[in-house]
Amino acid sequence: MYPELYPLFKTLIREFNLKGTLSEIRCISTGNINDTYLLNTSFNCWERTYLVQRVNHNVFSNPERIAENVCNVTDHIENKLRAAGVTDIRRRVLRYYRKPDGSYYHITEDGNYWRVLSYVYSSVNSSLSDIPHLRSAGLAFGEFQQYLSDFPAETLYETIPDFHNTKKRYEDLRIAAKNNVAGRLAEVQEEYDYLMSMEREAFVLCELNEQGVLPNRVVHNDTKCNNVMFDVETGKHLAVIDLDTVMPGLVAYDFGDAVRFAANPGGEDNPNPSEVYLDLDYYKAFAEGFVPCLLGNVTDKEIETLPDGVLAITLELAARFLADYLNGDVYFKCKMPRHNLVRTKAQIALAKDIYGKMPKLRALLKDITAEINV
Ligand code: GN1
Ligand code: MG
């Protein structure tokens, strides 16, 4: 497949000194921002697989700096894994390939940035549908947080400034509504009004952060469960991937983003909002994996406010999808008509359900922390 990409991928094989000759290219179409492909090569009688990505240069203005971030972070994690006696390091941490001149990208004449990453063999990444996988995903992101708890945050380049600054995201939505460039405001007035009515809930963590109550930590910032690879046989978590947005941020947003994605059986792209809800068993399973990893690394207040992150990030994402819809779909890839509006409605349905379940979310979290502290 993709014969038009053959010349480029052959160049990548040569420039990055990859093993073998090109045998197959397959597209992985799950991301909303970058384009990701699997590249298979034949080498003697072996097949090798690499991940190839075209970085969305509109979204990420400095791909080289991102690669430096990622490599510093993955080196740090690798050292931790070695110290812990982990043997299958190659399956537990992602690696970027470098060209002999030290650079991480092939830049095409049309200005596109292409990079090559290691592939985690015998693994799957999926939208999760069972409790053990949810717990495993929680553990994967919890360990990720734990490994980076002593990473020097000040050395990280801010790949997307204000990425999870919900106040700023709401401001962007206001501006998009005011400009109304795609002429869609009248159609989405109800969704817009709902989001504005939830401003207090959406801003609660930003405000605690501004007041110095909640500190910034080095976090993943894009904790969708399909960013964890699992062993096909055992279901055990392997590497955490998609590290473009690793930056200082709030732990509650990592927790919240994972839950809003993984604990919604209806899915992020569901055109039927009545099928979207927060599954409390999934929430509990993810928290059981995640929370124990935080103990000793974060404050009690950070743990106590984890459920607020679930609501805040769901509102934030609804605001981002709606702003993009109003701006004429310029940021997220759209794969169906009015995709950003579909996404907005699904996140709003989810936010409404989460809001009603907040007391339960807090109670379940308390049970989990009490159990750990016994
Ligand atoms: C984007 O492309 P993907 O799926 O890794 C977005 C996230 C959103 C997510 C929603 C850099 O991530 O912030 O939560 O879509 N990434 C960026 O599905 O904006
Ligand atoms: Mg991502």
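Tally up the residues in region 209-251 that are away from ligand 2 (no atom under 16 Å from the Cβ), in contact (Cβ under 8 Å) with a residue 12 or more places away in the chain and open to solvent by 30 Å² or more (accessible area, probe 1.4 Å), please.
So the count comes out to 9.
How many residues are closer than 14 Å to GLY256 by Cβ and without any contact (Cβ under 8 Å) to a residue 40 or more places away in the chain if we restrict to region 284-303?
Residues flagged as closer than 14 Å to GLY256 by Cβ and without any contact (Cβ under 8 Å) to a residue 40 or more places away in the chain within region 284-303 amount to 0.
Among the residues in region 116-138, are any within 14 Å of ASP254 (Cβ to Cβ) and not in a strand (DSSP E or B)?
Within region 116-138, one or more residues are within 14 Å of ASP254 (Cβ to Cβ) and not in a strand (DSSP E or B).
Quick one: would you say VAL310 is open to solvent by less than 10 Å² (accessible area, probe 1.4 Å), part of a helix (DSSP H, G or I) and modelled with pLDDT of 95 or more?
yes
Would you check which residues across region 323-374 are modelled with pLDDT under 95, aliphatic (A, V, I, L, M) and not in a loop (DSSP other than H, G, I, E, B) and list them?
Answer for region 323-374, where residues must be modelled with pLDDT under 95, aliphatic (A, V, I, L, M) and not in a loop (DSSP other than H, G, I, E, B): ALA370, ILE372.
Are there any pairs with C-beta distances below 6 angstrom linking a residue in region 260-277 that is assigned to a loop (DSSP other than H, G, I, E, B) to a residue that is among the acidic types (Asp, Glu), with the two at least 6 apart or on different chains, and if so which?
If the second residue must be among the acidic types (Asp, Glu), the pairs left are ALA263/ASP279; PRO265/ASP279; GLY266/GLU275; TYR277/ASP353.
Being under 17 Å from ILE241 (Cβ atoms) and either surrounded by 13 or more Cβ atoms within 10 Å (Cβ to Cβ) or in contact with a Lys or Arg (Cβ under 8 Å, 6 or more places away or on another chain) (or both): is that true of TYR147 here?
yes
Report yes if some residue within region 339-347 is within 16 Å of ligand 1 (Cβ to nearest atom), within 22 Å of the chain's Cα centre (by Cα) and either surrounded by fewer than 19 Cβ atoms within 10 Å (Cβ to Cβ) or without any contact (Cβ under 8 Å) to a residue 60 or more places away in the chain (or both); otherwise report no.
Checking region 339-347: at least one residue is within 16 Å of ligand 1 (Cβ to nearest atom), within 22 Å of the chain's Cα centre (by Cα) and either surrounded by fewer than 19 Cβ atoms within 10 Å (Cβ to Cβ) or without any contact (Cβ under 8 Å) to a residue 60 or more places away in the chain (or both).
Six or more apart or on different chains, Cβ atoms under 6 Å: show the pairs whose first residue is in region 20-34 and more than 30 Å from TYR331 (Cβ to Cβ) and in a strand (DSSP E or B) and whose second is open to solvent by 60 Å² or more (accessible area, probe 1.4 Å) and more than 16 Å from ligand 1 (Cβ to nearest atom).
Short answer, once both residue conditions are applied: LEU22/LYS10.
The values are calculated or read from the model by the stated rules, or taken from the named source; none is laboratory data. Just so you know, these numbers come straight off a predicted model, no measurement behind them. Cβ atoms come from the backbone with ideal geometry, glycine included; neighbour counts cover every protein chain shown. The accessibility values were calculated without ligands, DNA or RNA, using every heavy atom of the protein model including side chains. Shrake-Rupley method; radii C 1.70, N 1.55, O 1.52, S 1.80 Å.
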